[in-house]
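One structure below.
The values are calculated or read from the model by the stated rules, or taken from the named source; none is laboratory data. Keep in mind it's a predicted model, so treat the numbers as computed, not measured. Because the Cβ atoms are built from the backbone with ideal geometry, glycine has one as well, and the counts that use them run over all protein chains shown. Ligands, DNA and RNA are stripped out before the accessible areas are found, and what is left, the full protein with its side chains, is counted by its heavy atoms. Shrake-Rupley method; radii C 1.70, N 1.55, O 1.52, S 1.80 Å.
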Amino acid sequence: MKIIKNNFKGIKEAAEILTVNGVVAFPTETVYGLGANAFSQEAVTKVYKIKRRPTYNPLIIHVSSYQMAREYGVFNESADELARTYWPGPLTIIVKKKKSNVVDLATAKLETIALRCPSNIIARNLIGELDKPIAAPSANKSGKLTCTSPGDVFAKLENSIDALIDGGDAELGLESTVVDCSVQSPCILRPGNITVDQINSCLGYVIAPSFQTVKQVKSPGQQLKHYSPDAKLILNQNKPNKGDIFLSFGPHPKEIDGLTLTESENLEEAAKNLFTFLHILDRLSQARGGTPIKVASIPSNGVGAAINDRLLRASEK
Ligand code: TXA
Ligand code: MG
């Protein structure tokens, strides 16, 4: 695997690899993506194989502008409102798919398509240079911990991808909010940095947060078990004992091993650190023969809802 620098030459080189059906890990503001030319059956097939992802689970199609997105999906009033308000940014919008060169495999042969215009400039320049949309799931093996730093992508995927663009740590740290606008009443399929309240105030009405209540979820990739470290996670632990591995929220207790997601109880900071710290503590757990990781309870307001969603899925075995 080649590590590519984040500069003009690097983006050109990465786009060339994508053009010849290679797979390139690249930064976005949320998490690292595993990118393929969305028009290439061969490249998209590679992505599913590398991730060991079931082919019924569709990928997000990344575009560099709202105008580009409209070539691939039908934007109704709510989708239009959301795109104009939150793009470029950490929001994925599901709409009815238009007939296009995006290969059917990338959208799991559905009649809908998930579109996202990232704010990360490296990601947008890469799409611009390729001059085609990029199909990209998060850069991790299916069901495993998401990667938010180039080091974690390298550690987990070094032998299976063609290149990695080093864009430093992801700014936000959690996958995009996914809103399904292809149905009569839009609903949130995956919570993220753009909160339920923000979506509601943008649309002017309260929409169903289906991720919280419905077990039979519509997003094929949102089965309960997900984002899993090798270690067992035990949630809502506020009194760790000596010898425990503890992921805390607020000041870290003295003489307890582990890390705090945020000293100052800042939920955005906790979101940014979540996956990086889980990777670190997972390694510590393995070194100790599989000690579980205890996790403090996290407030569920704002982006806390998305953090708790990831932790709940990560703790399922
Ligand atoms: O922040 C992100 O969204 C990152 C970066 C790389 O953009 N990508 C990401 O992709 O998290 P992935 O594949 O890990 O998650 C995409 C989610 C999956 O749960 C998938 O099932 C859902 O979006 N999805 C994609 N297309 C869909 C569709 N047409 N209908 C319903 N769900 C869809
Ligand atoms: Mg993922």
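See the values below:
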read-out: Taking N as its residue count, the alpha carbon Rg of segment 79-152 over 2.2 N^0.38 Å; value: 1.21
read-out: Choice from Gly128, Gly290, Gly35 showing the highest fluctuation, given a GNM over the chain with Cα pairs closer than 10 Å; value: Gly290
read-out: C-alpha long axis of helix 267-287 to longest principal axis of the chain, angle in °; value: 70 degrees
read-out: Potential lengthening between Tyr56 and Ile3 on full extension [0.36 nm per residue; Cα-Cα distance subtracted]; value: 16.0 nm
read-out: Mean Cβ neighbour count within 10 Å, used as a protection proxy, ranking 190-196, 139-145, 94-100, 238-244 highest first; value: 190-196, 139-145, 94-100, 238-244
read-out: Heavy-atom accessible surface of the chain: percent carbon and sulfur, 1.4 Å; value: 49 percent
read-out: Among Gly289, Leu312, Pro251 the positive-end extreme of the charge dipole of segment 238-313 (Cβ point charges); value: Gly289
read-out: Over the chain, relative contact order from alpha-carbon pairs under 8 Å, at least 6 apart, %; value: 20 percent
read-out: 1.4 Å probe accessible area per residue over segment 166-317, in Å²; value: 46 Å²
